[in-house]
Amino acid sequence: MARTALKLGPRTFGPDELVIMAIVNRTPDSFFDQGATFADEPAFAAADRAVAEGAAILDIGGVKAGPGEEVTVEEELRRTVPFVAALRERHPDVVLSVDTWRHEVGEAVCAVGADLLNDAWGGVDPELAEVAAKHRVGLVCTHAGGAEPRTRPHRVEYPDVMADILERTVHGEAERALALGVPRESIIIDPGHDFGKNTRHSLEATRRLPEMTATGWPVLVSLSNKDFVGETLDKPVGERLLGTLATTAVSAWLGAQIYRVHQVAETRQVLDMVASIRGTREPAVARRGLA
């Protein structure tokens, strides 16, 4: 299936455009920054910096993905809704995404201007897609292998991990979202690196990305500093940037379109270089051999 333009809130992205989704965590215990953007002032500063460095999407999360202290719906709402409302005024031309699996949160953030619901837990709350349809916003359909939110995989097995990814994200979540009324041009699929997977599963999902892009749905990859990078290179969280960028370059070459990242400037350079090599972006400067 041929890829078409991706439409999210105020922005339309061509099928060859490589898009950065910057992570802004409103949590005190995030695995990467340990709560650096939990307070309002540093969170706004991080959002401003990400946009200046080339992010077209800001992804706001109110609950840490991994196990930890319980976060109620009320607390997740407190962490996300006022911030999204303020960002909508601050960055009217930026796509605002919220990383949540709860329909109550989806409803509240859409009411204040969110353009995209990033469901990282594979439709565990089926009402979230209904919220996206009601508000005509985008939806990320992620493969989590049936895992419950905030759990880690334990001895998980797949006869064919990519077949399971396609079955759940495309034939399950994406087609259901379309039937509910989510705009086709606003539905995204995500292989869900590390979610319901061990390191070998995530590596295989990466090298088989063309099977996802062949479906015609735009593909998002969330690779940034994840455990599969750390285990592959035996590096702690703070030393995974090079591995992340290598995986980003491979994913871009294989057709992924959207990149959920912590480090925007470095990712922008990698994506621009890949785009120029494949011929979809002109070099920023072309003086060599012309003087």
Output yes when any residue across region 48-65 is at pLDDT below 95 and not in a helix (DSSP H, G or I), and no when none is. yes
Filter pass, Arg88 being farther than 21 Å from Leu18 by Cβ and open to solvent by 60 Å² or more (accessible area, probe 1.4 Å): no
Residue among Ala52, Ala47 that alone is open to solvent by 50 Å² or more (accessible area, probe 1.4 Å) and closer than 25 Å to Leu18 by Cβ: Ala52
Selection from region 251-267 of residues part of a loop (DSSP other than H, G, I, E, B) and either of a type in the set (Val, Ile, Thr) or under 13 Å from the mean Cα position of the chain (by Cα) (or both) yields Ala256, Gln257, His262
Within region 268-291, the count of residues that are part of a helix (DSSP H, G or I) and of a type outside the set (Val, Ile, Thr) comes to 8
Taking strands (runs of 3 or more DSSP E) that fall entirely within region 89-162, which contain at least 1 residues that are touching a residue at least 12 places away in the same chain (Cβ under 8 Å) and of a type in the set (D, E, K, R)? 95-99, 116-119
Exactly one condition in (1) within 20 Å of Ala50 (Cα to Cα); (2) out of contact with any Pro (no Cβ under 9 Å at 6 or more places or on another chain) is not met by Gln257; state its number. (2)
Check region 259-280 and report whether any residue there is closer than 26 Å to Gly146 by Cβ and modelled with pLDDT of 95 or more. yes
For Ala36, are the conditions met, namely being buried (at least 20 other Cβ atoms within 10 Å of the Cβ) and closer than 23 Å to Glu239 by Cβ? no
Of the residues in region 226-250, how many are part of a loop (DSSP other than H, G, I, E, B) and either closer than 20 Å to Asp272 by Cα or touching a helix residue (DSSP H, G or I) at 6+ places or on another chain (Cβ under 6 Å) (or both)? 1
Does Phe31 satisfy the criteria of being in a helix (DSSP H, G or I) and touching a residue at least 12 places away in the same chain (Cβ under 8 Å)? no
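The values are calculated or read from the model by the stated rules, or taken from the named source; none is laboratory data. Because the structure is predicted, anything quoted here is derived from the model rather than measured. Here Cβ is always computed from backbone atoms with ideal geometry, including for glycine, and neighbour counts include all displayed protein chains. Protein only, heavy atoms only, side chains kept; ligands, DNA and RNA dropped before computing areas. Shrake-Rupley method; radii C 1.70, N 1.55, O 1.52, S 1.80 Å.
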